[in-house]
Amino acid sequence: MSDATDFDLVILGGGMTGLTLGYHLTQHNAPGSADKHQSLILEPRSDYSRDKTWCYWQHEATPFDEAISHRWHRWTVSCNGHTHVSESATTPYVRVDSARFYEIGQAAIAASDCVTLRLGDSATQVLPNKHGVSVQSERETFQACRVFDTRPASIPEGILLQHFVGWEIETDTDVFDPTTVTLMDFVPGAEDIHFFYVLPMSPRHALIETTHFSARVLDETAYAAEITDYLRERFGLSDWQIKHRETGVIPMPRHAPNLSRRPNSRIVPLGLHSDTVKPSTGYCYPHAQVQARRQVAALFTEPNATAIAARSRLNRWFDAVFIGFLEQHPERAGEIFFRLFKSVPSDALTRFLGDNAKPADYFRVMLALPKGTFILQAMRHVWRA
Ligand SMILES: Cc1cc2nc3c(=O)[nH]c(=O)nc-3n(C[C@H](O)[C@H](O)[C@H](O)COP(=O)(O)OP(=O)(O)OC[C@H]3O[C@@H](n4cnc5c(N)ncnc54)[C@H](O)[C@@H]3O)c2cc1C
């Protein structure tokens, strides 16, 4: 750390990405190590509580695995009256309890002598200068060599959005099959891409989500009516208790933010509003885990490495082609997802969706897609991704 610098690194936002980065920094900055990166995480919340349900296919262990509350080895996709059941013995679909996640992150940081989590304070101005970056917070000004910026950003107009509302409910009778996740239950004849997601924690306890892919979010009442109708029609329920609600809007840009084209080399945007989220799926948690681990390792091995992209150019290109297809042919989305889950072996597909695909996995995915339409989309996106 130079004399002119308060911190080597300032992380804006102590949410999922910020705490994951913080955790890895605590592990690299081993006690007694000479090469310490003094880091500060600025987070406006004054305390943490459970606010989200993070699910993903787990391909590798993470330091937050103690926060995994459930694992499923079966999931379904339904469209036009057909249901396909996928299974994987080796790659479970897991649910992370966000409250436990925050506890693990906070405990690691509290035990560290080089990462500080400052709660109840927000960044108000971030300005590059000749020494690095000046970060003004509500209470103080800091000088940093580098900044990782995970703050939410405004979403560009007109792009596809994944918008959803979820209710975690309890019922008085056994209703749900706790062995199988309903990943996508497509609504026939919907005006946009619309499906339900059911995460069954027990026969009487599940998260039910209504999800749309479209450019405009709906009124709160519309999502509530959709979930109510689904619970009545799909599960024959007339009564339930809502234990928890969550809502989200995830950007699905064709041309996702590109870290190599960011305006300032010392300010690295990460997280849901940068390249971390996979735009074609909306999954962000597993990508943040891998990116944060690699990013922090790079800080300690390559002094000039400032930005590690979440995915390869090839994966970005696949995302752009797929989103282009969804924008042009929303009425075919259900059929295409159904084909993918039915035709591609589960482990190959989840590797592809997790950006871990092997060459043969890409080939299998391409074979499962309608050739003509996808070739046209692919030509529109010739290597711009
Ligand atoms: C309801 C919901 C469910 C989701 N489910 C899944 C899922 O199942 N699987 C999956 O992979 N992804 C999921 N996601 C997407 C994604 O994983 C989450 O949004 C995740 O929290 C993104 O992490 P992040 O660090 O980018 O943002 P956050 O976790 O939101 O962290 C950003 C942080 O920045 C802080 N901040 C705001 N303003 C300032 C400021 N001025 N200065 C400093 N800090 C600031 C915020 O307080 C916040 O803590 C879900 C998203 C939502 C909203």
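Just so you know, all these numbers are worked out from the coordinates, no wet-lab data involved. These figures come from a predicted structure and were not determined experimentally. Cβ atoms come from the backbone with ideal geometry, glycine included; neighbour counts cover every protein chain shown.
For the stretch 153-190, name all the residues that are of a type in the set (Gly, Ala, Ser) and not in a strand (DSSP E or B). If the condition is that a residue be of a type in the set (Gly, Ala, Ser) and not in a strand (DSSP E or B), then 153, 154, 158, 189, 190 are the ones that fit. Of all the listed residues (216, 262, 254, 234), the sole one being more than 14 Å from the ligand (Cβ to nearest atom), under 28 Å from residue 146 (Cβ atoms), in contact (Cβ under 8 Å) with a residue 24 or more places away in the chain and of a type in the set (D, E, K, R) is 262.
Here residue 106 fits the description: farther than 19 Å from residue 352 by Cβ and within 16 Å of the ligand (Cβ to nearest atom).
Residues in the stretch 293-331 that are closer than 18 Å to residue 160 by Cβ, over 21 Å from the mean Cα position of the chain (by Cα) and either of a type in the set (Val, Ile, Thr) or assigned to a loop (DSSP other than H, G, I, E, B) (or both): 329 alone.
When residue 183 is tested against the conditions (1) surrounded by fewer than 19 Cβ atoms within 10 Å (Cβ to Cβ); (2) closer than 22 Å to residue 57 by Cα, the lone failure is (1). Out of all the residues in the stretch 147-170, is one or more within 16 Å of the ligand (Cβ to nearest atom), in contact (Cβ under 8 Å) with a residue 12 or more places away in the chain and over 30 Å from residue 216 (Cβ atoms)? Taking every residue of the stretch 147-170 in turn, at least one turns out to be within 16 Å of the ligand (Cβ to nearest atom), in contact (Cβ under 8 Å) with a residue 12 or more places away in the chain and over 30 Å from residue 216 (Cβ atoms).
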